[in-house]
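The values are calculated or read from the model by the stated rules, or taken from the named source; none is laboratory data. The model shown is predicted, which means the values in this text are computed figures rather than measured ones. Every residue, glycine among them, receives a Cβ derived from its backbone with ideal geometry; neighbour counts consider all protein chains shown. Please note that ligands, DNA and RNA were not included when accessible areas were found on the heavy atoms of the full protein model with its side chains. Shrake-Rupley method; radii C 1.70, N 1.55, O 1.52, S 1.80 Å.
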Amino acid sequence: MPSATYALMEGWFQEAARTRGPSDLAVDREQAAEFARLFRPVPGVEAEPVEGLRSGSWLMTPRGARDDVVILYVHGGGFRTGQAAGARGLGSHLALAARARVLLPEYRLAPEDPFPAGLDDCLAAFGVAAGMAPKVVVAGESAGANLALAVLLSRARAADPAAAAGVLYSGVFDLRLNRFGTGSWAENGDSDLLLPDELGRLMHDDYLAGQPADEPLASPLAADPADLAGLPPLFLQVSGAERVLDDSLFLADRAVRAGVEVQLEVWPRMFHAWQVAAGFLPEATEAVARTGAFVDRVADGRLVDGTALSGGPGSVAEAMSG
């Protein structure tokens with residue numbers, strides 16, 4: 001049964017959905033800025049601006065941060081809105097759960113700067129993160145999960161060992177127009193309280209700006225199996241009630257068939273990208289705690305094909321003698 005806090009937030013979103021008008025980019029950006037202004041420091045985590053990346057980028061450092069892994073977290077916003085400053089709350093709780101530094105990059109937004117401008121900024125941020133620790137977990141929510149996965153696909157093409165894993169919350173992994181009239185995008189229209197139907201076309205038009213929607217770094221679900229095969233382990237969380245449910249289900253299926261380790265969690269009833277409410281919403285705090293456990297496994301090499309699992313006897317005789 002959902003928490004009382006979830007019921008409270010659900011009421012807020014239901015009222016907002018009833019009174020919502022057509023999408024207005026200026027209004028949406030101001031709402032994102034207002035959300036960022038609500039941030040209050042989380043005890044045990046230092047928030048500081050980052051030099052060497054776009055202005056507005058942040059680094060969240062927990063007390064006693066580990067030096068073997070760092071998290072690159074990309075905020076969402078439909079490629080059109082959002083700020084790295086708005087991810088400081090979630091970044092703080094993620095830093096505490098994983099005991100790792102969390103880098104929050106600011107990136108250029110569409111329609112002013114369409115694909116691949118934002119991705120280029122995230123790739124630059126990956127380079128900075130890789131200079132902080134030998135293992136980088138690339139994470140993000142919604143459109144940020146798309147950019148995070150595109151970073152991982154790009155680094156997989158380069159066989160970059162620093163790209164250790166991906167954490168993808170409520171990801172948007174397919175910008176092909178036919179996707180926005182079928183499957184969960186249409187079927188969950190009534191249960192998804194945050195994503196309006198027109199957002200699909202807006203993301204397609206503004207982010208792609210006429211470029212092919214089947215470009216794998218824009219629509220990772222269009223990637224060849226060989227490209228997916230190079231991905232590191234993935235941790236996916238999505239709600240069964242949101243429009244982008246199919247994106248995570250299809251990605252998990254295709255990545256598993258390509259030989260990628262995938263951990264998929266489908267949560268009932270949750271709103272889109274509920275993890276951003278960590279520290280307030282119990283379900284969000286639990287989701288981030290589970291993410292921290294995954295990052296621990298990544299850092300320790302306790303993966304399906306991890307070196308930490310390579311010990312033990314090499315023969316039956318050796319096993320019997322022990």
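In table form, for the structure just shown:
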quantity	calculated
Complete set of residues in the stretch 168-194 that are open to solvent by less than 60 Å² (accessible area, probe 1.4 Å) and among the hydrophobic types (A, V, I, L, M, F, W, C)	168, 172, 173, 175, 180, 185, 186, 193, 194
Subset of the stretch 173-189 (residues that are charged (D, E, K, R), assigned to a loop (DSSP other than H, G, I, E, B) and more than 18 Å from residue 149 (Cβ to Cβ))	none
Single residue of 165, 159, 148, 87 found to be open to solvent by 20 Å² or more (accessible area, probe 1.4 Å) and either under 23 Å from residue 221 (Cβ atoms) or assigned to a helix (DSSP H, G or I) (or both)	159
Of residues in the stretch 67-76 being part of a loop (DSSP other than H, G, I, E, B) and open to solvent by less than 30 Å² (accessible area, probe 1.4 Å), the one nearest to residue 90 (Cα to Cα)	75
Those residues of the stretch 254-269 which are open to solvent by less than 70 Å² (accessible area, probe 1.4 Å) and charged (D, E, K, R), in sequence order	261, 265
Those residues of the stretch 1-19 which are under 18 Å from residue 268 (Cα atoms), part of a helix (DSSP H, G or I) and in contact (Cβ under 8 Å) with a residue 40 or more places away in the chain, in sequence order	5, 6, 9, 10, 13, 14
Residue that is most open to solvent (accessible area, probe 1.4 Å) [pool: residues in the stretch 270-314 that are in contact with a helix residue (DSSP H, G or I) (Cβ under 9 Å, 6 or more places away or on another chain) and hydroxyl-bearing (Ser, Thr, Tyr)]	285
Any helices (runs of 4 or more DSSP H) falling wholly within the stretch 191-301 and containing at least 1 residues that are under 30 Å from residue 113 (Cα atoms)	199-208, 225-229, 245-257
Which numbered condition residue 107 misses (of (1) open to solvent by less than 50 Å² (accessible area, probe 1.4 Å); (2) touching a helix residue (DSSP H, G or I) at 6+ places or on another chain (Cβ under 6 Å); (3) more than 23 Å from residue 274 (Cβ to Cβ); (4) outside any helix (DSSP H, G or I))	(3)
